[in-house]
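So the structure is just underneath, and the comments pick up after that.
Nothing in this text is a laboratory measurement; each read-out follows from the coordinates by a stated rule. Because the structure is predicted, anything quoted here is derived from the model rather than measured. Cβ coordinates were reconstructed from backbone atoms using ideal geometry, including for glycine residues, and neighbour counts include every protein chain displayed.
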Amino acid sequence: MGALDHISELFDCSGGSHHKKRKQLQTVEVKVKMDCEGCERKVRKAVEGMKGVNQVDIDRKASKVTVVGYVEPSKVVARIAHRTGKRAEIWPYIPYDAVAHPYAQGVYDRKAPSGYVRNTYGESQYPNLARASSTEVRYTTAFSDENPAACAVM
């Protein structure tokens with residue numbers, strides 16, 4: 001906060017100290033299906049017209065729009081959906097390497113671009129993976145090398 005801001009705040013006669021909250025610079029990734037250059041141009045025009053947008057990158061092959069600026073993600077999605085009539089959603093994929101079980105049910109998505117899987121972070125972690133029962137654990141540890149009382153018949 002600069003000196004002029006401080007002085008103007010001291011002599012403010014409006015009665016209330018309501019500061020306008022500044023938006024932070026952020027990168028918003030949106031999934032929008034685009035078939036041709038016309039679709040791409042329509043989406044670009046809709047997003048570039050928004051207040052606070054600094055940069056727009058479009059990857060038509062991956063159906064991905066990346067917006068950098070002082071914008072809110074929900075407003076970007078709403079603007080694209082309203083202006084273009086296309087279905088838009090926040091980018092639902094993460095890189096393949098960031099997931100422990102990329103082929104688990106609910107994570108692997110055939111429609112995802114190559115190198116990406118569906119982002120399930122925030123949901124219950126790996127709900128559909130098989131869990132070992134207590135009897136399986138008992139038999140497994142009975143023949144384990146790490147168990148000092150394990151059976152030596154192998």
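For the reader, a short list of remarks on this structure follows.
- When each of 23/111; 23/75; 31/51; 45/111 is checked by Cα-Cα distance, pairs over 24 Å: 23/111; 45/111
- Here's how it looks for residue 109: its modeled amide H is under 5 Å from those of 118, which are all 5 or more places away or on a different chain.
- Legend: calculated FRET efficiency, residue 5 to residue 70, from the Cβ-Cβ distance at R0 = 25 Å, rounded to 0.05, equals 0.85.
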